[in-house]
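The values are calculated or read from the model by the stated rules, or taken from the named source; none is laboratory data. Note that the coordinates shown come from a computational prediction; the quantities given were computed from them, not determined experimentally. Counting neighbours? That spans all protein chains shown, and the Cβs are built from the backbone with ideal geometry, glycine included.
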């Protein structure tokens, strides 16, 4: 079966909920076999995340309580794009500064991931940063964040044993670790 034979075509759509962060949609689609189905999904402007690397090999993570999963999580700094048109690199720089107080001399792209393709169109652009200069943390007024420095090798172990399970953080940490390992290999 060719990819074209998998495409669902939108017949109609409606807004179910229009919130500050989430915009819930309900669409009726025509399936490849001609039948109809309902697709509920979340429209999201996208986000950017950055894993900051210190000269000693530590990375900077943030600890915060995440209400939907009812846990304090350890994550890479990240945030929502102000609009779908915002440059993700600018968002990454902003979130790094707001959540950690650090500014980066160099930021580079690791990859882009689709977070939950079954019910959201959110993409998160993942970056790494070095050449860090510390400054004053200035999170949003509804954010309560602790900054944590962790050796990259230990962060990889935390991914492997499940202590770090946030998807954007898992991917960012593993990709950065692979890149650092490659740099060390002659």
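Within the range 164-186, the set of residues being over 13 Å from the mean Cα position of the chain (by Cα) and either without any contact (Cβ under 8 Å) to a residue 12 or more places away in the chain or closer than 15 Å to residue 73 by Cα (or both) comprises 164, 178, 181, 182, 183, 184, 185, 186. Checked against the criterion of being without any contact (Cβ under 8 Å) to a residue 60 or more places away in the chain and either within 17 Å of the chain's Cα centre (by Cα) or not assigned by TED's automatic domain parsing to the domain that holds residue 26 (or both), the candidates 151, 88 yield just one match: 88.
Checking the stated criteria, residue 134 turns out to be assigned by TED's automatic domain parsing to the domain that holds residue 88, under 18 Å from residue 107 (Cβ atoms) and exposed (fewer than 13 other Cβ atoms within 10 Å of the Cβ).
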